[in-house]
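As structure tokens, the structure follows; a few thoughts come after it.
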Amino acid sequence: LCTVVLEHRGKRISRQIEGARNHGRRLLAMIDEVLSDAGCTVADLELLAVVSGPGSFTGLRVGVSVMQGLALALELPTVLVSSLEWQAFSLSRSQEASAYAVCLKARDREYYFALYSRNDTGLSLLGSESVGTVQNLLSRLADYPPASVLAAGDGWLDIDGFPATIKSSVVGVVPDHVPDAASLCELARIKSSAGETVPAERVLPSYLKENLPYRKSG
């Protein structure tokens with residue numbers, strides 16, 4: 001999914017398309033469309049936010065490069081939103097739990113993983129976002145009491161093959177949860193209010209891997 005959302009005078013205007021090969025071709029047009037619907041121009045923008053990863057290499061590059069271009073041209077602060085945090089934050093708005101474990105499929109039988117605990121203001125990241133095998137990443141769930149962690153993300157489709165100590169901590173699994181635009185905007189506002197914005201030169205994708213393998217065609 002490729003999503004563009006604009007908040008203006010208490011209203012939220014959005015566009016969304018499916019199909020990975022359409023993102024680069026349609027993204028700028030979608031930005032123009034939401035601005036036009038709101039009666040605004042790019043000069044009226046005050047804050048940018050972009051989902052910076054982890055995720056698809058090409059998908060992240062498309063979104064982040066466009067936001068970096070806007071940030072440079074307009075000299076605007078930008079909020080980088082983790083795709084893992086967005087999943088957890090969105091789910092926490094509809095389902096309560098002591099903690100949220102987000103697990104997304106990566107490549108080569110690896111997973112992106114992050115664990116968040118609920119607090120008075122929202123969520124706190126426990127440890128760090130990681131990428132690796134099930135044994136390396138999910139073992140930290142063994143420290144949680146049984147049935148206390150709500151799991152989200154397509155990585156949990158493989159739960160039947162996970163160790164029993166991990167499965168015992170999970171109270172529920174929502175593998176097909178799709179985080180919504182409203183929670184993205186709310187999370188961006190929270191981060192902006194906390195001073196968690198970056199200048200244009202730091203609007204970069206987060207792959208959680210320093211050395212990415214590249215596949216050549218042919």
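The values are calculated or read from the model by the stated rules, or taken from the named source; none is laboratory data. Fair warning: this is a prediction, and the values are worked out from it, not measured in the lab. Accessible surface is based on the protein model in full, side chains and every heavy atom, while ligands, DNA and RNA are left aside. Shrake-Rupley method; radii C 1.70, N 1.55, O 1.52, S 1.80 Å.
Its Cα gyration tensor gives segment 49-104 an equivalent ellipsoid; the semi-axes, largest first and in whole Å, are 27, 14, 6.
Relative contact order for segment 108-217 using alpha-carbon pairs under 8 Å, separation at least 6, rounded to a whole percent? Intermediate results must be reported in sequence, preceding the final value.
Numbers: 103 pairs, mean separation 21.8, N = 110.
Answer for segment 108-217 is 20 percent.
Here are some values of P(r) over Cα pairs in 10 Å bins from 0, in percent: (1) 8, 35, 38, 17, 2, 0; (2) 8, 32, 34, 20, 6, 0; (3) 7, 24, 30, 27, 10, 1, 0. Which one was computed from this structure? Read-out taken from this structure: (2).
Between the Cα long axis of helix 83-92 and the first principal axis of the chain there is an angle of about 80°, rounded to the nearest 10. For the chain, with all protein chains in place and a probe radius of 1.4 Å, 49% of the accessible heavy-atom surface sits on carbon or sulfur.
Averaged over its residues, the chain has an accessible area of 55 Å² per residue, based on protein heavy atoms and a 1.4 Å probe.
Hey, what did segment 85-167 get for relative contact order, percent, Cα under 8 Å, at least 6 apart?
Normalised by residue count, the contact order of segment 85-167 is 32 percent.
In summary, segment 113-184 shows an alpha-carbon radius of gyration equal to 1.12 times the 2.2 N^0.38 Å reference for compact globular proteins.
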